[in-house]
Amino acid sequence: MEHIRLLILGGGPAGFTAAIYAARANLSPVLYEGLQPGGQLTTTTIVENFPGFPGGVDANTLMDQMREQARSFGSDIRSGVATSVDLSERPFKIVIDGEKELKADALIIATGATARYLGLPSEEKYKGSGVSACATCDGFFYRKRTVAVVGGGDTACEEALYLASLAKKVYMIVRRDVFRASQAMQKKVFDTENIEILWNCNTQEVLGDGFGVTGARLLRKDGTVFDIDIDGFFLAIGHHPNSELFAPWVETDANGYIVTEGKSSRTRVEGVFAAGDVQDSQYRQAITAAASGCMAARDAEKFLLEI
């Protein structure tokens, strides 16, 4: 059984940044990239709001550069998914891909979160080509254009308001006849002239021309089917943190996000740290994930020096 000083699970901005800092601190980190190497960022195309790239940067290129930077300092980056863990005692026991057994003195959980989608084949087809789950990431590309936001909660209203500041028109596709959002957020939406709310509607299909989104086919509760012309289709129906594997040991909130102590990355299990979207239900940006990866590496360094 391989014994690792610091194990990092997750190959997104949080995991790679943690690996960069940990390697520079001579902690000999081993990182397993998980199911989605590069993280959620790789589902988009050009990232224009990551500092240091005034012309924007391709999302996959950015993650490739983070990976290579971590490797350049000595991080051991591997393919594989953690399939079981035992955090009841140190060293922690982790199984990769159901067969490779590891022991780790410290663990950084950076497994991210998964945006919820509707599950439509057409939605999957145009993911990254008009279908997005992050208005802050991709809204800039839809200036003076027409977009739709799916959802009726606070997040959907926030996304719609953000897009309304850029786009010519924003449709909100709401499956009920009321919002779930707070009254204050609802008022902001109702007061925004270029937002049109389509009540009692579900999306049957995302329409496209083979290259990008051109519309959406909607089914109203009364059975009416109709199409809308749009250039972008944004999902705002929530995220699911990839924390189930660790939930028997670490504390999670009502939505499954790992709870960390104060302004640190520490979980309630000594020697286990969490970074990125698996513990951040509020910001969910590449830059904040990277920052929390730095925090986790520094916290892990302090822990390992003291044991």
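Each value in this text was obtained by applying a stated rule to the coordinates, not by laboratory testing. Only a predicted model underlies this, so the values are computations on that prediction, with no experimental measurement involved. For neighbour counting, all protein chains shown are included, and Cβ atoms are generated from backbone atoms with ideal geometry for every residue, glycine included.
Odds and ends about this structure:
- Mean residue ellipticity (222 nm) of the chain, computed from DSSP H runs ≥ 4 via -39,500 (n - 2.57), nearest 500: -7500 deg cm²/dmol
- Rg(Cα) / (2.2 N^0.38 Å) computed for the range 187-250, rounded to two decimals: 1.60
- Semi-axis lengths, Å, the chain, gyration tensor of Cα atoms, sqrt of 5 times eigenvalues: 39, 20, 17
- Farthest toward the positive end of the dipole of the range 164-266, out of ALA254, ALA167, ALA236, is the Cα of ALA254, where the dipole comes from beta carbon charges about the Cα centre.
- Taken one residue at a time, the phi angles of the range 146-152 give Karplus couplings (6.51, -1.76, 1.60, θ = phi - 60°) of 10, 9, 10, 10, 9, x, x Hz. Gly and Pro are set to x.
- In percent, rounded to a whole number, the relative contact order of the range 77-177 is 16, using alpha-carbon pairs under 8 Å and six or more apart.
- Neighbours of VAL57 by Cβ distance under 13 Å: Lys/Arg scored +1, Asp/Glu scored -1, total -3.
- Taking Cα centre as origin and charging only the Cβ of basic (Lys, Arg, +1) and acidic (Asp, Glu, -1) residues, the dipole magnitude of the chain rounds to 420 debye.
- Two-decimal log10 I(q)/I(0) for the range 204-307, as the Debye equation yields it once each C-alpha is a single scatterer, q = 0.10, 0.15, 0.20 Å⁻¹: -0.48, -0.72, -0.96
- Computed packing ranks the peptides 285-293, 259-267, 125-133 as 285-293, 125-133, 259-267, most packed first, by mean other Cβ atoms within 10 Å.
- Per the chain, cysteines lacking a partner by the 4.7 Å Cβ criterion: CYS157, CYS201, CYS294
- The value given for the range 117-235 is a Kirkwood hydrodynamic radius of 14.0 Å, derived from the mean inverse Cα-Cα separation.
- Under Karplus coefficients 6.51, -1.76 and 1.60, residue-wise ³J(HN,Hα) of the range 120-125 in Hz, glycine/proline x: 7, x, 5, 5, 5, 4
- Taking only the alpha carbons of the range 85-187, we obtain Rg and Dmax values of 20.1, 56 Å in that order.
- Extent along principal axes [Cα atoms of the range 11-102; Å; largest to smallest]: 47, 28, 19
- With K and R counted +1 and D and E -1, the other residues having a Cβ less than 13 Å from that of ILE258 yield a net charge of -4.
- Between the range 227-258 and the range 106-132, the Cα center-to-center distance that results, in Å: 9
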